[in-house]
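Asker: Can you read through this structure? Questions will come right after.
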Amino acid sequence: MAVSPRKTPSPAASKSRSAPQRKPPAAALKAAGPIAASQPAHTAQAISGGQPQVVLVLQGGGALGAYQAGVYQALHEHNLTPDWVVGTSIGAINAALIAGNPRETRLARLKEFWDRVGQDDVLDMKNVPDTTRQLNIWLETVDTYLRGVPGFFTPRPFNPFAMGMTVPPEKASFYDTGELAATLSELVDFDYLNSPGGMRLTVSATKVTCGTLVNFDSPQQPIGVEHIMASGALPPAFAPVRVDGDLYWDGGLYSNTPLETVLDDEPRRNLICVMVDLWLADGSEPTTLDEVQTRQKDVTYASRSQAHIDDYMRTNQLRSAARALYARLPQASRNADDLKNLKELGNATTIHILRLQYSGRDWNMAAKDINFSRGSLVWRWQQGYNDARRALQSCQTALFSHSEAGIVLHDFRPAPAKTEAAC
């Protein structure tokens with residue numbers, strides 16, 4: 001296994017909370033250790049009544065997305081097959097690889113993708129000191145800038161866009177992602193993805209002409225290569241992708257953590273939502289140019305999920321109050337319209353959010369998301385796998401616990417360093 005570019009703090013004990021009170025770890029997750037292979041997979045077909053569905057929410061973050069693949073491996077081994085995968089940018093690519101393959105080949109397709117985009121290291125990362133590892137990563141990153149990533153993107157030769165000249169919008173970028181289209185077509189079975197009863201896939205993209213966020217949702221429309229490409233078209237590196245006549249950029253420009261897609265979904269139901277963050281919202285005060293650029297990227301793309309959770313809880317309180325008020329009305333004061341409106345509010349449900357965080361500092365390199373060094377990708381995958389296993393093993397109870405707050409947050413992110421101010 002590749003050596004870490006820099007040691008990261010071990011995750012703190014799970015912090016589970018459904019404000020204002022604390023709750024025990026998510027009850028719906030299975031007991032520690034892999035679930036017996038003979039047990040039916042937790043899929044949409046197995047859901048009935050109030051049994052929770054499993055949702056996997058994946059951020060954008062380029063090469064950091066190998067961490068998400070490791071998280072999925074742990075879920076796969078625990079037989080927690082997602083019913084729904086929601087992704088943005090690299091999260092959309094990982095999501096398509098998961099939803100677009102049957103269980104028996106799903107993990108192999110993920111591994112094939114990340115092996116394909118990995119760049120061979122100049123040095124043996126296991127047998128050199130930390131400063132030399134950093135030099136190796138710097139060299140690999142420069143190589144990515146100059147030559148791109150096989151199977152993903154390549155520089156546009158003699159590029160008029162780079163010289164400030166006018167080009168067609170589909171070529172307005174520094175790199176060509178044609179190789180990614182070929183890779184996705186090879187590794188994702190889109191017929192399987194769009195077949196009835198399959199795993200739900202939602203990917204988000206930003207409409208170029210008006211700046212709105214658009215969700216491409218497999219129950220609503222067939223998903224193709226172009227939808228996944230649009231979700232990961234981050235300018236100016238990658239050109240916008242045209243879908244049904246409109247141009248789209250990376251969904252992360254609008255919202256890099258698509259949790260609100262899950263929270264806004266109707267009808268409401270009990271959920272176990274595994275949310276994987278790739279960027280660090282908390283950090284030390286920067287003192288160098290590289291640290292400033294790194295901190296800027298972290299803040300720009302870090303999760304805004306807490307604001308969405310707070311909004312959901314306020315809405316849930318209003319829904320609960322409306323149901324309670326209606327129950328107190330005398331029978332003579334109730335009418336069909338009120339009952340119809342009440343039913344539209346939905347039943348009381350609980351969403352358990354299991355939050356995981358990639359905590360690698362990557363020497364405070366602003367270009368960590370384009371560090372496709374094979375050693376770094378392997379290490380990130382292993383970190384995601386280890387973090388998810390620890391989280392799952394701490395959730396021992398077999399029952400799903402209800403919360404009046406509507407959301408229970410199980411926070412498995414590492415505690416901020418003592419030098420970092422609390423926000």
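The values are calculated or read from the model by the stated rules, or taken from the named source; none is laboratory data. Computed from a predicted structure; not experimentally measured. Note: ideal-geometry Cβ built from the backbone for every residue, glycine included; neighbour counts use all protein chains shown. Side chains are part of the model used for accessible areas, which takes the heavy atoms of the whole protein and leaves out ligands, DNA and RNA. Shrake-Rupley method; radii C 1.70, N 1.55, O 1.52, S 1.80 Å.
Asker: Taking segment 251-292 only, how many residues are open to solvent by 30 Å² or more (accessible area, probe 1.4 Å), in contact with a strand residue (DSSP E or B) (Cβ under 8 Å, 6 or more places away or on another chain) and either on the phi > 0 side of the Ramachandran plot or of a type in the set (Gly, Ala, Ser) (or both)?
Answerer: Adding up the residues that qualify gives 0.
Asker: Output the residues belonging to segment 67-89 that are in a helix (DSSP H, G or I) and open to solvent by 10 Å² or more (accessible area, probe 1.4 Å).
Answerer: Selection gives Gln73, His76, Glu77.
Asker: Select the helices (runs of 4 or more DSSP H) contained entirely in segment 174-250, then report the ones holding at least 2 residues which are surrounded by fewer than 19 Cβ atoms within 10 Å (Cβ to Cβ) and not β-branched (Val, Ile, Thr).
Answerer: Passing ranges, in order: 178-187, 190-193.
Asker: While we're here: If the requirement is being closer than 24 Å to Leu58 by Cα, open to solvent by 40 Å² or more (accessible area, probe 1.4 Å) and either of a type outside the set (Val, Ile, Thr) or within 24 Å of the chain's Cα centre (by Cα) (or both), which of these qualifies: Asn386, Asn341, Asn335?
Answerer: None of the others qualify; the one that does is Asn386.
Asker: What number of residues within segment 302-339 are touching a residue at least 12 places away in the same chain (Cβ under 8 Å), closer than 30 Å to Arg361 by Cβ, small (Gly, Ala, Ser) and not in a loop (DSSP other than H, G, I, E, B)?
Answerer: 1
Asker: Every residue in segment 370-390 that is farther than 20 Å from Arg355 by Cβ and in a helix (DSSP H, G or I), please.
Answerer: Within segment 370-390, Ile370, Arg374, Gly375, Ser376, Leu377, Val378, Trp379 meet the criteria.
Asker: Sticking with this one: Can you pull out every residue in segment 307-326 that is at pLDDT 80 or above and open to solvent by 70 Å² or more (accessible area, probe 1.4 Å)?
Answerer: Once the filter is applied, which keeps residues that are at pLDDT 80 or above and open to solvent by 70 Å² or more (accessible area, probe 1.4 Å), segment 307-326 yields Asp311, Arg314, Gln317, Leu318.
Asker: Restricting to segment 260-285, and then to whatever is assigned to a loop (DSSP other than H, G, I, E, B) and not charged (D, E, K, R), can you tell me which residue is farthest from the chain's Cα centre (by Cα)? Reasoning before the result, please.
Answerer: The first filter runs over segment 260-285 and keeps only residues assigned to a loop (DSSP other than H, G, I, E, B), leaving 264-270, 278-285.
Then drop every residue that is not not charged (D, E, K, R), which leaves 267, 270, 278-281, 283-284.
Working: Pro267: 22, Asn270: 20, Leu278: 8, Trp279: 11, Leu280: 14, Ala281: 15, Gly283: 21, Ser284: 24 Å.
Checked segment 260-285; the qualifying residue farthest from the chain's Cα centre (by Cα) is Ser284.
Asker: Also, quick follow-up: Only one of (1) open to solvent by 10 Å² or more (accessible area, probe 1.4 Å); (2) more than 20 Å from Asp369 (Cβ to Cβ); (3) modelled with pLDDT under 95 is not met by Leu107, so which one is it?
Answerer: Condition (3) is where Leu107 drops out.
Asker: Let me ask something else about it. Among the residues of segment 124-151, which ones are open to solvent by 40 Å² or more (accessible area, probe 1.4 Å), outside any helix (DSSP H, G or I) and under 18 Å from Trp379 (Cβ atoms)?
Answerer: Listed by number, the residues that qualify are Asp124, Pro129.
Asker: While we're on this one: Within segment 296-317, can you find the residues that are within 14 Å of Asn256 (Cβ to Cβ) and either touching a strand residue (DSSP E or B) at 6+ places or on another chain (Cβ under 6 Å) or β-branched (Val, Ile, Thr) (or both)?
Answerer: Answer for segment 296-317, where residues must be within 14 Å of Asn256 (Cβ to Cβ) and either touching a strand residue (DSSP E or B) at 6+ places or on another chain (Cβ under 6 Å) or β-branched (Val, Ile, Thr) (or both): Val299, Thr300, Ser303.
Asker: Taking only segment 348-383 into account, find how many residues are closer than 23 Å to Val54 by Cβ, touching a helix residue (DSSP H, G or I) at 6+ places or on another chain (Cβ under 8 Å), surrounded by 20 or more Cβ atoms within 10 Å (Cβ to Cβ) and not polar (S, T, N, Q).
Answerer: Residues that pass the stated criteria total 8.
Asker: Also: What number of residues in segment 152-173 are assigned to a loop (DSSP other than H, G, I, E, B) and not small (Gly, Ala, Ser)?
Answerer: The number of residues fulfilling the criteria is 10.
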